[in-house]
Every structure is written in C-alpha cells, then in structure tokens.
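Everything on this sheet refers to the single structure shown next.
The values are calculated or read from the model by the stated rules, or taken from the named source; none is laboratory data. Just so it is clear, the model here is predicted, and its values are computed rather than measured. Using ideal geometry, Cβ is built from the backbone for each residue, glycine included, and neighbour counts are taken over all protein chains shown. Calculation scope for accessible area: heavy atoms of the full protein, side chains included, ligands and nucleic acids excluded. Shrake-Rupley method; radii C 1.70, N 1.55, O 1.52, S 1.80 Å.
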Amino acid sequence: MSGEESGVPQDLLESVQDAVGQQVKLCLVQKVNLEVKGDKLESRILALAPHRVFLLSTRVPAKVDQSFSVFDIQSINSVKQKQLLVDYDRGQLSLRLASDQDTDDFIALIGTNIQEICPGIDPLRVIKKLVLKPVERITHLQTFWENHSPAEAGPCGGFSRLYWCVCDQMGVPYRDEVQWDVDTIYLSQDTRELCLQDFIHLDNRDLLAITAALEFNQWFIKLSIKDFKLTADLCDQIFRVVSRSTRLEELTLDNTGLKSDFAQRFAAALSQNPNSALNTISLTNNCIEDKGVMFLSAALSKLTPGLKQLDLSKNSLSAKGVNVLAQCFCSTSLTHLNLSGNTLRGEDMPHLWSFLSQPNHLHTLDLSNSEASLDLVCSSLLRGSLKHLTVLNMSRSVFSYKRGKELPSSFKQFFSSASSLKNICLSGTKLPAEGLKALLLGLACNSNLRDIALDISGCELRSAGAQILEGCIAEIPNITSLDVSDNGLDSDLSTLLVWLGKNRSIKHLSIGRNFSNIKSKNLGQVLVSVVHMIQEEDSPLASLSLADSRLKADLSVVLNALGGNSSLTHLDISGNNMGDFGAKMLAKALQINTKLRTLIWDRNSVSAQGLQDMAAALEKNYTIRFMPVPITDAAQALKNSPEKTEDALLKMEQYLLRNHESRRYLQDQAFRLQQGFSTSTTQQMMSQVCVQVQDQLNSLRFSKSDRVQQDMKAAESLMRDAKSSTTLLRSLYDQRSGVSDGSAGVCVQQVQEKLCSVAGELSVLIDQQLQGLLVSMLDTAQSVCPHVMQQACLREDLLHAGEGRTSVSKAFITSTLLEQSAFDIINKISEVKLSMASCLSEYITDEILQSLSRSQHTLAGHLSRRGQQPLLHQDSQETQVVDETEMQTNNLIPAEPEPEPQRTHRAKRKSIHSRMFRPMSAAFELDFDLSKVLEDVSLCVDDLPLPPPLTPSPSQPLSPPPVEAELPQPEPVSFSDLPTRDTPTLQHITKYRPRRTKKAKPSRAACQPISTDPALEVDQVDEGVPEFYSKKVTNIAAKASAADAEKSRESRLSGFFSLIKHRTSTKATPTSPTPSPTATTTTVSVTVTETDAPPPEPAVNPEPVAPEVKGHVQEGVKRGSPLTGRQMGMQVLGNDLLAEMRAKQEKRKKAGVSPSAASKAEAPDEGGDHGHVTPAVQKEAHDEPTARKLKHTPEHTHAPAHAPAHTPEHTHTPAHTHTPAHTHTAEHTPSSRAPLQPSVRDVQLPRLHR
C-alpha cells in the first residue's frame, strides 16, 4: 500500500514496516485518533497484519504502542459515528477513524484474515461479540464474509498456519518439526486424530500451542494422550478447546493423573458449549471417584449429539457413583460402556439395572474385575439388550448362587434369546456346575448366534465342570473359539479332548495351565489325545494354545505331530520350558510344515543354540508370517552368547519379512505423501513468484502502451493458471481411463473380466493335462507291475477312481487370479497412474513457473525502460508454513548469467528434496541424554562390557574420568549363588535297586587332609567346577579385576537395551578352544599335606530323585514312550549339574552332615617340590579370599578334561597331559596314601548305546 493511498507519508510507512518487521505483511496502514482520558485525542498509526493488530506512534522512527492477536479480540463495538472500540484479552482500544466506511473496512479485513487462517470458520466465532449501529452494517459484513472464498486451506485443514498464529499469540517458539509431522505424516496417513503422545518430548508450552490450535481447526476431530501426567496449564487448554470447539468428537485422556476436580471443570466446559460434537469420552485409569462422576452425570446428559462411548474403567468408582452416573444413560444413544476395574459389589444400582432393562443401543458392555453380579446383569440384559449387544465382558465377576437353591431361569434364557452376541468373557468367575450347564444349553438352543468366542478360563471347573463340558460341547454348533485354560482339568482333559474333537465348529481352542497336578502316567494319554485331535482328518481346529503349561520336554509329543499337520494355522506354546531339545524338535517340524502362519514360543528356557536351530528352520519355511521375538529367552541368551543370539534373531526377522511381503500397494497413502512433498512446496514457490509479478503489474497499471498491456494480460492469465495448478495433481490422479465406447470406466473391471476368462481356459487346460498324466501313470504302473495290472477291469477301476482327483476347480483358479494376480496387476496400474500424474503435474507446474519468470523479466524490462521501480508488495514469510531459504529470490534480475527459469526450477527441486527430511527435534537442543534416562534402570552385573574405542573421537577428551569411581565395585559372584532349575537330575536307572545292609565296620578311617593355608580352606562343594568346564584359560585375578572394571563401566546401561553387542566386540567368547600362549602357563599347583583325620561320620542315604522325574522315567519304560531314550541318556554337564550339587549340599547341611567330612583332593605341584607353594600362588591366594578350590564328594567325581562321551566300562580314566580347557591341574602323587574318592564307576552313569 502506497503512502499516498493510505494518507501516511512514505518515510513513516517505511518506519512502520521496520517497527513491525520486514517479513510481516501489512493489509492496512492508516492514521487514526486514539481516545485517551476525557475527550483528548492523540494521533496514531493503525496497522493490520493477517494475524495481528498494531498501534504505532506517528513519529519517525515509529514505535509499537499496542499489539494483540486477532484471536485475542473479545468484542468490537461501533455505536457512535466514526468510533471503533475493540476489547481484547489484556486491554481496550478506543479509536476515531475518518468515517464509518473506514471502520467497516477495518472490521471486514479482520474477518477475511480469520477466514484465511481458519478455513470454514465464521469470523463471529472468533470475534465473540460484534455491535454495530445501524444493524444493516452487520448484515453487509456477514454478506461480504459469506461471498468471500478463502484460498486453499493446505494440509490438514491449514493446521500449520493456524499453529503458527497460535504460537505468535502465546509467545512460544514455532517448531518446524510439528509442522513437518502434521503436513507429512498425518496427511499421508489421512488421520483425523491429533495424538499429543507424538510431541511429549517437547516443552510443555509447545503442547499448549498444539492443543490450542484445535480450537478452530476443522480437520481434526479426535484428541488423545495416554500415560502422561497432565499439567494444570494443559488441562486448562483442553477445557478451552472442549468449551469452544464444534468439531471435536472424541477425547481420550487415559492414565493422565486426573482427579475429581478435573471432572468438575470438564463438566463446566461441556455446559458452556451448546454446539459441542463430543460423543466419545475415555478417562480410563485415573482417579475420578464418585465425587467427579456426580458432576459428569448432568453434563453428559446434555450433549447435543448424544453420548455414544464412555470409558471410566479403573477410576475408583463405587456402586453409589455408578448409580448416579447411570441416570444420564437413558437420554443418550450409548453403544459402548466400560466400567471395569471399579467396585460394583452389591445390588444397590437400580438406575444401571433400569438402563440395561430398557431398549437401548448397547453394543459393548464391560463390567470385568468389578465384582458385579453376573446373574443380575444377565437378568437385566434379558429385558432390554438382546438386539444389539455384541460383546459381554464379565470376567472376575460374582455369581450369586447358593447350593441347594434353584438357578435363576433368566440366566439361561438370556443366552438362548440374544441375537447378536459374538464375544462372551467370564474368565475368573467361579461358575458352579449348574451355571455352566445353563450357559452351554442356552447357547446350544440359540439359532440366531454364529461364531461365538467363549472364554471360561480360570472358572475353577475341575472334574464337575469337565463332565458338564463333555456332555454338552459336542452338540453346540455356534461356538468357534473356546478358552478353558487354568481350570484344574488335569487328567480329565484326556476324555474332554475326545468330545471337543467331535465338535465341528470350534476353530480356536486354549487348554493351557491345566497340567499342574496331572500325574505322569496320565500325561501321556492327554498329549496323545491332543495329537489325535489336531491330526484328525478334516479337523476344523485352526488355533491351539498350550501356553504356560510347563510341559517341558514332554511337549515334544505334540511338536512331533506338528510337521505333517494340515489344520493348525496358529500355535501358542509359550511358557513350557521345553529347552533346547524342544526347540530342536520344533525346528524339525517347521521345516516340513506348510500350514502354520502364527507361532508364539517365548519363555521356554531356550539358549542361543535353540534360537539358531529355529532360525535355520525358518530359512526353509515359507509360510510362517507372524512369530514374535522370544524376548525373555533372547534376553538370557544375549548374556551368555551375544553374537550367536544376535545372529539368530536377525535371521529370523529376515525370513519372516521374506514370508510376509504384502501384496497390497497403498496407492492412496503414496498419493497423499507425494501431494504433501510436491504440491505444498510448489504452492509456496508459485505464491512467491506471483507476489513479484503482481507488484510489477501494479506499477504498470497506468501504462498506455499496447505491448505493455498485452504482456500484462498474459501475466494475469499465467497467474490464474498458477492458482489453479494447486489442484492439478488431484485432478490428474482422479481422472478415469476412457474406453472405446467413450464412457468413463476403470480398467480394474476389464482386468478382472479378462482374468476370469483366462481362469476358464486354464481350468480346461489343466484338466486335460491331468487326464493325460493319469493315463501316463497307469502305463508306468503297467510296466513296473505287469502281473498285477493284468487283472481284469483293474485299469478301468483305477481310471474311474482317479477321475475325481484329476481336476482343479475353476473357482480356485479364479479366486487365485483375482485375489493375488489381480491385486498385483491393479497395484502396479495404480503405481504407474500416480507416476504419470506426478510427471505431468510437475512438468506443467515447471512450465508455469518458467513462464511466470519470463513474464516477470519482461515486465521488469518495461519498468526499467520507463525508469520506475516496482511498488514492492511486502513478502510475508510468517503467513507461510515453511521458511525455506532455497525459495527466496533476493533480486528481480539475477546477477549471474544463469537464466531465472532454470534457477527457479532448481530451487523448487531442492526444496522438494529438503522436505523429505524431518527437521531436527527440539529435544536434542535441550541436551536430551538417553544415558540419564536409563540411570533408574536396575543394574545387572552380568552384562557384557562394550569394547573401548580404538582411537578417541575428536569430540571426546583423550582421558575421560573413570566411571568405576562413580559406582561401587560388585562383589565376586560365587557359583553357590547360581539359581537352581527345575530340571531332571542325572541319576542312574539302578540307583534304587535293593542292596544288602553293611554290617562290617570300615577297615580304616578316611584321611582328612588339613590345608596349610587358611585362605585355601574348602567350603564350597562346587568350587572349581566352572574352571573345569571352561574353554578359556586366563589368570583368575587379572580376569576378575578386568571384568569388574568393565562391568562397573557399563552397568549404567544395563537391561535389555545393553544386551545386544556389536559383532566386532572383542569381549565375545572366542569360538576356537585353543588357548593363548600366555594363558596356558597360568596353571595353579597346590600340594596338600596328609594328616591324620578322625573317622568319618555315618554315611547319609542318597537323596531321592524328584517324583516327577522318577515318574517320567518309569512311565517311559512301561509304555515305551519316545522320551525313554532321552530320559536314560547322559545329560550334558553344565548349569543343571551345578544346581543339583548345590541342592544336595544344602540338604546335607540340613541333615547335620558337615561339609568338611568329605575328603579333599590332593593337588601336588607338577614340577615336584612337595609341600611347597610358590610365592606367586601365595600372593594370589592372599588377594583372592574366595579363590576357587576343588573338592571331591561322592556326588562329584573329578573326571578328565577330555574324557570321551561314554565308555563301555566305567573305570577311572587317568588325566590327559593336554589340558587346555581348565585352570586347575590335579594329579595324585605316589606318596599320597589317602584313599581315592569314588571314581566314575561309583556314579553308575547309564550307557548311551542303550
């Protein structure tokens, strides 16, 4: 606007622009009079920007006296002539303008600016009060605003532009990452839900601005945030949005720390908005309590559209509060009600029973874990909720039935009369046998129900319930999913599974946690029944769950039947502790199984070896689509074998990705993503060039030259094309292909019709080929077995029998082509279509930009010849969403020889490329440190340390302070502290054979050598065992100190995140057993002198083997179980043996046997010098009080390091001279007269060849 037009001198106009900012576009600048005290008037400059009003002084340099956002305006009053009174949040502005027309123009500009910022919003919603006299002025303004058509809103209803204005209003920084996320991610996903969870890493002020933008945004209809404590300011902003928004339909504030006062203020906000569209409210896991519910009840009943979904679960409600809340339900169209996790004990809820008894639209009712009365609920539902109720969740409820009394008939009648039930959950409800029978019979006689999912897990059914199930389940045709887990069925499962197998409608079955008290002799029968059920021909069972059954190795009975199974597509065997053996069996089954799609197998005590076996099996399996990572097993395996575990997990993910490649191409999402990257950038570029061309057109509008007028008309036409080009990509993409007859149609129909015709031709061709193949097979059989094939009519019988098997149905071929090939073809067509539309759109927009640039140069030439400067239009970058320096054109005529069209085209390409990268998060600017977040994570001393960097990075100091000084040094972990496992122990099959009683006294007492050094006192039965089995020979003291230092350094990042180590880690276990040259020389030799010892105490009987292990062994021998070989085989020595030895040692201590009663092994020096200990050994023993010693007991025989797997004769094999695998070398000296400890023969290990 020129100074002459506005009545403001040019120098003052430039000063005003400098005062408000060069990047702020001013719509109006004019002189006004400010009313001060009394009737005194002062001259001021009134400037209006699209988002803000400025009042400045009239002196040069101009200064801003007052400034406020257009969203701060509370009312505008113009009653007196030429007067304008504006009330805003922090003050009032009273002005005198030149005329009433100037006042109306000012108000009209404010309204049009609001329409540009908030498309679809009536300006009177922002300007809450408008008073003009005469009233016709308001009518003229409303007509003007209705006829005004705002520009393109932009992505997500112009959210980013509105967000920028709100940031300017609230004085908070504008975050580019918020704009990028909304304009790119939200647009491509086409979502209408604004999730504050995406931005909680920002400051609380940023969350306030994002939430405030929803007040007038017309795109987003949902606001959600979960698991985040809301501050008081953020709650106030949510109240403001609820009280003013007419588009917000769903509000989710789950686990946000809300109290009863929130409910009171929330109800007040709802009552202030008569036009609220809110119909879904979720406030789960807060503390609203009865006090807050009483305030909510009145407000919810007054919602205009009617409440549809309400979730108040886990809010500390009682029956009294729910009864008050239920008063508002009758006036709503409630479809989903969730009151779970509250205390609804008793019958004092008449309003709730009344609501359920009246005709309603309730689809989902969740009263789980609330102690509500199941029979009362069903009795109420019978009278009013039969038509629409689909999901009934009454888990952990109460069945108020007393034995000896008659069961209410309404309970059975409800299940026999419901017409829409799909999901019935009674888990954890103690059902009596009569109640279970009424439930099953009610469902059996209901012909309206289909595909019911029934969950009666944890109902304490036991034998009585099993008998009811056996008598009813086979005749129920409408149950497709049944969960009877955790019911104490045990041995009754063997019979129940037979009857379950006779039901032809159950597709999903869960029977886990029913094997805790089952006897070993009955376990085999139950597992065989499971195998028979899944292996039955034409079995309808598609999903089976044996989760948390702790079947251990017995699970292999089911796994062995899995390979050839042709019905199961979903299998859950988690929590069975099957170990590596079970993983091996499962891997073998997966290599040949072609039906399974989903497998869940965590918590099975599988090591890295088992994970590798599974990865190798998945390499050959192409049907498994979904298999969650076994996190629990992987976490433990990562501690022991990080490299092998990581390699196995990566392979699993690769093979699952290979099997799960989606056939569907998300063409709509791809189009929205392309539109977000390309269209918005092009629109900004067009706007800038159009502003410059418009400036030149304004300067040349009084020219009389025909050539100039012609060029101006061409420029105006190009600007119209530029404005229309913003919708070019959408128009091209929505264009349908034309067919020969000229009518519009999609090629999809033609493709499908062609595929159907091809399917018929393929069916005929395949049938002919199969008929010929059958004849060829018979000819081959004639040549191979001529004697049999010479029988009369045999060939004709075989041809007749094979006719039904020599055809592929046309329906199968058609469905295969349409569901697979057609999708691929149509997706490719859509992809090519989007590529064509994008190419044409970019080419045309580039041509428009180049033409505009050429027109700009032509008009600039006309101006230069006339010696004029263009009337510069102040370019506003604040009204734009993205501030990209690549788009800015600083000069009208480029100084470089590169032509302007090419420069504009390159800037556009560079801008589109830069939009594909997300801006740096503000969290990193705030020094967000992950290690500080993980400081509260529990420490784990078993974590493997990361390797130190070979060279320090430039950003790090050369000598950082040691981390070991910050944390206490962990104490050495002794092997006696290892956890015990519930695994079968190593026992010989003849251990319990009857033996004669020994009457003769021992000929001589057992010698008890006494250690010469107290530091070498043996007090642990399992000391030295890990070194015996270790494959790495190192110095104990050096290794312990280094390990402690590294563990202390890395203990801050313990937990599952620090388990995965890099493949090049130098701390990983070496794969080669060959020791290093230095490590082989660090053997410890100790000579123990022999002294007289008192006679030993009476021997203690061996501890009996665990009952379950003994039962498994006996049962395997009796019934010839396939597990017999495994039970009788030799176990691999390792952690299981250590756990067994520790358990026996503790039992011996409880029985009163001193550990020192056992004789100690002699360990003479390998080089001679009996009775002499080297100084190095003495120093090491003194430094390590818990140094590992070797102790021989009847349960522990010191076997050679490289003993064979088994020997025909159990004799004591002398130690090998080559011992690279263990640290201690013990040899018996000739002078030692102590009796040898029990040898391998005494242990009576079983022979493997059996």
Exactly one of Val531, Val557, Val526 is touching a Ser or Thr at 6+ places or on another chain (Cβ under 6 Å) and of a type in the set (A, V, I, L, M), and that one is Val526
Tell me, yes or no, whether segment 214-221 has at least one residue that is under 26 Å from the mean Cα position of the chain (by Cα), buried (at least 18 other Cβ atoms within 10 Å of the Cβ) and assigned to a helix (DSSP H, G or I). no
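Checking the structure you have, find out if any residue of segment 9-22 is polar (S, T, N, Q), out of contact with any Gly (no Cβ under 8 Å at 6 or more places or on another chain) and closer than 23 Å to Lys82 by Cα. Write out each step before concluding.
Restricting attention to segment 9-22, the residues satisfying the condition of being polar (S, T, N, Q) are 10, 15, 17, 22.
Those left that are additionally out of contact with any Gly (no Cβ under 8 Å at 6 or more places or on another chain): 15, 17, 22.
In the following step, the residues that additionally are closer than 23 Å to Lys82 by Cα were identified as none.
Checked segment 9-22: no residue is polar (S, T, N, Q), out of contact with any Gly (no Cβ under 8 Å at 6 or more places or on another chain) and closer than 23 Å to Lys82 by Cα.
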Does Glu643 satisfy the criteria of being without any contact (Cβ under 8 Å) to a residue 40 or more places away in the chain and either open to solvent by less than 50 Å² (accessible area, probe 1.4 Å) or over 21 Å from Val557 (Cβ atoms) (or both)? no
Would it be correct to say that Leu307 is of a type in the set (A, V, I, L, M), open to solvent by less than 10 Å² (accessible area, probe 1.4 Å), outside any strand (DSSP E or B) and within 27 Å of Ser419 (Cα to Cα)? yes
Name every residue in segment 217-267 that is hydroxyl-bearing (Ser, Thr, Tyr) and either touching a Leu at 6+ places or on another chain (Cβ under 9 Å) or under 14 Å from Leu194 (Cβ atoms) (or both), in order of residue number. Ser224, Thr231, Ser243, Ser245, Thr252, Thr256
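For Leu650, state whether it is more than 25 Å from Gly563 (Cβ to Cβ), open to solvent by less than 10 Å² (accessible area, probe 1.4 Å) and at pLDDT 90 or above.
Working: more than 25 Å from Gly563 (Cβ to Cβ): yes; open to solvent by less than 10 Å² (accessible area, probe 1.4 Å): no; at pLDDT 90 or above: yes.
In short, no.
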Taking segment 386-431 as the search range and keeping residues that are on the phi > 0 side of the Ramachandran plot and out of contact with any Lys or Arg (no Cβ under 8 Å at 6 or more places or on another chain), which one is least open to solvent (accessible area, probe 1.4 Å)? Gly404
Pairing a residue in segment 237-262 that is closer than 18 Å to Asn204 by Cβ and acidic (Asp, Glu) with any residue that is open to solvent by less than 10 Å² (accessible area, probe 1.4 Å) and outside any loop (DSSP other than H, G, I, E, B), where Cβ atoms lie under 7 Å and the two sit 6 or more apart in sequence or on different chains, gives none
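Sort out which residues of segment 745-774 are free of Cβ contacts under 8 Å to residues at least 24 places away in the same chain and either part of a helix (DSSP H, G or I) or open to solvent by less than 50 Å² (accessible area, probe 1.4 Å) (or both), and write them in order of number. Please lay out each step first, then the result.
Pass one, segment 745-774, residues free of Cβ contacts under 8 Å to residues at least 24 places away in the same chain: 745-746, 749-750, 753-754, 757, 761, 764-765, 768-769, 772.
Across segment 745-774, the qualifying residues are Gly745, Gln749, Gln750, Glu753, Lys754, Ser757, Glu761, Val764, Leu765, Gln768, Gln769, Gly772.
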Out of Asp554, Asp548, which single residue is more than 29 Å from the chain's Cα centre (by Cα), under 22 Å from Asn517 (Cβ atoms) and among the acidic types (Asp, Glu)? Asp554
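Among Leu46, Leu13, which is within 30 Å of Ser699 (Cα to Cα) and open to solvent by 10 Å² or more (accessible area, probe 1.4 Å)?
Values: Leu46 fails: open to solvent by 10 Å² or more (accessible area, probe 1.4 Å).
Being within 30 Å of Ser699 (Cα to Cα) and open to solvent by 10 Å² or more (accessible area, probe 1.4 Å) holds for just one of Leu46, Leu13, which is Leu13.
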Does at least one position in segment 68-89 carry a residue that is closer than 23 Å to Pro134 by Cβ, of a type in the set (Gly, Ala, Ser), without any contact (Cβ under 8 Å) to a residue 60 or more places away in the chain and in a strand (DSSP E or B)? yes
Against the condition aliphatic (A, V, I, L, M), touching a residue at least 24 places away in the same chain (Cβ under 8 Å), touching a strand residue (DSSP E or B) at 6+ places or on another chain (Cβ under 8 Å) and open to solvent by 10 Å² or more (accessible area, probe 1.4 Å), how does Ile592 come out, does it pass? no
Residues of segment 560-578 being without any contact (Cβ under 8 Å) to a residue 60 or more places away in the chain and within 29 Å of the chain's Cα centre (by Cα), in sequence order, are Leu568, Thr569, Leu571, Ile573, Ser574, Asn576, Met578
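Looking at segment 781-859, what helices (runs of 4 or more DSSP H) fall wholly within it and have at least 2 residues that are closer than 30 Å to Cys756 by Cα and of a type in the set (Val, Ile, Thr)? Even if it seems obvious, please write down each step before you answer.
Working: elements: 786-789, 794-802, 810-816.
The qualifying helices (runs of 4 or more DSSP H) are 810-816.
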Condition set surrounded by fewer than 19 Cβ atoms within 10 Å (Cβ to Cβ) and under 18 Å from Leu26 (Cα atoms), scope segment 70-114, selection farthest from the chain's Cα centre (by Cα): answer is Asp102
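Are any residues in segment 189-211 open to solvent by 10 Å² or more (accessible area, probe 1.4 Å) and either of a type in the set (Ser, Thr, Tyr) or over 20 Å from Gly257 (Cβ atoms) (or both), and if so, which ones?
Step one: of segment 189-211, the residues open to solvent by 10 Å² or more (accessible area, probe 1.4 Å) are 189-193, 195, 197-198, 200-205, 208.
The answer is Gln189, Asp190, Thr191, Arg192, Glu193.
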Test: residue in segment 130-144 that is modelled with pLDDT of 90 or more and closer than 16 Å to Phe71 by Cβ: yes
I'm checking my understanding of the structure. Among residues of segment 455-471 that are assigned to a helix (DSSP H, G or I) and farther than 15 Å from Asp490 by Cβ, which one is most open to solvent (accessible area, probe 1.4 Å)? Gly471
Scan of segment 310-331 for residues that are touching a helix residue (DSSP H, G or I) at 6+ places or on another chain (Cβ under 7 Å) and either open to solvent by 10 Å² or more (accessible area, probe 1.4 Å) or assigned to a strand (DSSP E or B) (or both), ordered by number: Ser316, Ser318, Lys320, Asn323, Val324, Gln327, Cys330
Criterion first (open to solvent by 20 Å² or more (accessible area, probe 1.4 Å), basic (Lys, Arg) and either outside any helix (DSSP H, G or I) or farther than 27 Å from Phe355 by Cβ (or both)) does Lys229 satisfy it? yes
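Just need a number here: residues in segment 434-454 that are open to solvent by 20 Å² or more (accessible area, probe 1.4 Å) and either assigned to a helix (DSSP H, G or I) or of a type in the set (Gly, Ala, Ser) (or both). Break it down stepwise before answering.
Here is the first cut: in segment 434-454, the residues open to solvent by 20 Å² or more (accessible area, probe 1.4 Å) are 434, 437, 441, 444-445, 447-448, 450-451, 453.
Checking the rest, the ones that are also either assigned to a helix (DSSP H, G or I) or of a type in the set (Gly, Ala, Ser) (or both) come to 434, 437, 441, 444, 447, 453.
Looking only at that region, the number is 6.
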